[in-house]
Amino acid sequence: MKTVSPENPLRLAVWSGPRNLSTAFMRSWGNRDDTFVCDEPLYAHYLVKTGRPHPMAAEVIASQQQDWRKVTEWLTGPVPQGKAVFFQKHMSHHLLPEIGRDWLPLLTHVFLIRHPREVLPSLDAKFEQAALPDTGYAQQVEIFNHVRRQNGAISSVVDAGDLLRDPRGLLIRLCAVLGLPFQEAMLHWPAGRRESDGVWARHWYHAVEDSTGFQPYAPKLKPLPDHLRGLYDQCLPFYETLAGFRLQP
């Protein structure tokens with residue numbers, strides 16, 4: 001494995017679903033001194049093509065490049081600010097079927113998963129009448145399998161529950177797999193918003209803006225609401241597929 005450097009950068013595509021701790025994960029990587037982060041760069045294209053009634057949809061569309069070809073050209077091009085690591089936070093459902101896949105082998109991929117028992121109540125509180133495509137679970141498996149076929153390798157999978165239970169251990173393990181030195185700065189970050197945050201931060205990011213590190217793991221103890229049980233049953237097999245590959249500290 002070559003040493004990661006500005007001359008030999010690591011372009012890291014992190015594929016998550018909503019409410020998976022993806023923004024806290026982005027904070028962690030954004031606190032490294034060698035990393036540039038971007039926040040859901042395909043979101044505007046997704047909204048334009050699907051017309052989904054997401055909160056702040058008009059503002060999101062106005063804030064980003066809407067042509068997926070231009071977005072992916074940027075994601076695979078020179079790393080901004082001459083950094084050695086280009087951390088790309090993606091929602092897996094933003095990778096619509098019409099978007100070409102030929103750029104994916106040019107990146108290194110990580111899949112951030114979370115048990116649907118913990119995701120769905122949180123998503124339900126923010127997004128009315130979410131369906132399976134809104135959760136990103138099925139799309140994560142599709143992308144994981146595509147990358148595996150193209151690259152002949154199994155991508156790293158990080159479970160949010162494991163990350164909260166042992167953030168240091170899991171981040172050390174992930175950095176080692178990626179050929180990077182672990183940095184203590186990944187465990188703690190200043191509170192507040194970032195310039196790199198999407199315009200949608202004011203709707204979705206209240207908790208992470210107050211945070212200064214990963215919160216201790218706290219299992220969800222309330223019963224799953226009846227109206228989410230069908231969606232839970234749809235999501236669980238996709239989660240379990242990727243959970244079988246997850247990294248251990």
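F36 meets each of the listed conditions (1) assigned to a loop (DSSP other than H, G, I, E, B); (2) in contact with a Gly (Cβ under 9 Å, 6 or more places away or on another chain); (3) not polar (S, T, N, Q) apart from (1). Contact annotation: residue pairs with Cβ atoms under 9 Å, 6 or more positions apart or on different chains, pairing a residue in region 21-44 that is without any contact (Cβ under 8 Å) to a residue 24 or more places away in the chain with a partner that is in a helix (DSSP H, G or I) and of a type in the set (S, T, N, Q), are A44/S63. The residue that is farthest from V141 (Cα to Cα), among those in region 192-249 that are small (G, A, S) and loosely packed, with under 13 Cβ neighbours inside 10 Å, is G192.
Screening the candidates L170, L164 for the property of being surrounded by 15 or more Cβ atoms within 10 Å (Cβ to Cβ), in contact with a helix residue (DSSP H, G or I) (Cβ under 7 Å, 6 or more places away or on another chain) and more than 27 Å from I99 (Cα to Cα) yields one hit, L170. Residues of region 189-205 that are part of a loop (DSSP other than H, G, I, E, B), at negative phi and not aliphatic (A, V, I, L, M): W189, P190, R193, R194, E195, S196, D197, G198, W200, Y205.
Between H54, H45, the distinction of being modelled with pLDDT of 95 or more and under 19 Å from the mean Cα position of the chain (by Cα) belongs to H45 only.
Give the residue, chosen from V119, V157, that is touching a residue at least 12 places away in the same chain (Cβ under 8 Å), crowded, with 18+ Cβ neighbours inside 10 Å and touching a Leu at 6+ places or on another chain (Cβ under 6 Å).
Of V119, V157, the one residue that is touching a residue at least 12 places away in the same chain (Cβ under 8 Å), crowded, with 18+ Cβ neighbours inside 10 Å and touching a Leu at 6+ places or on another chain (Cβ under 6 Å) is V157.
The values are calculated or read from the model by the stated rules, or taken from the named source; none is laboratory data. Since this is a predicted model, take the numbers as computed values, not measurements. Cβ atoms come from the backbone with ideal geometry, glycine included; neighbour counts cover every protein chain shown.
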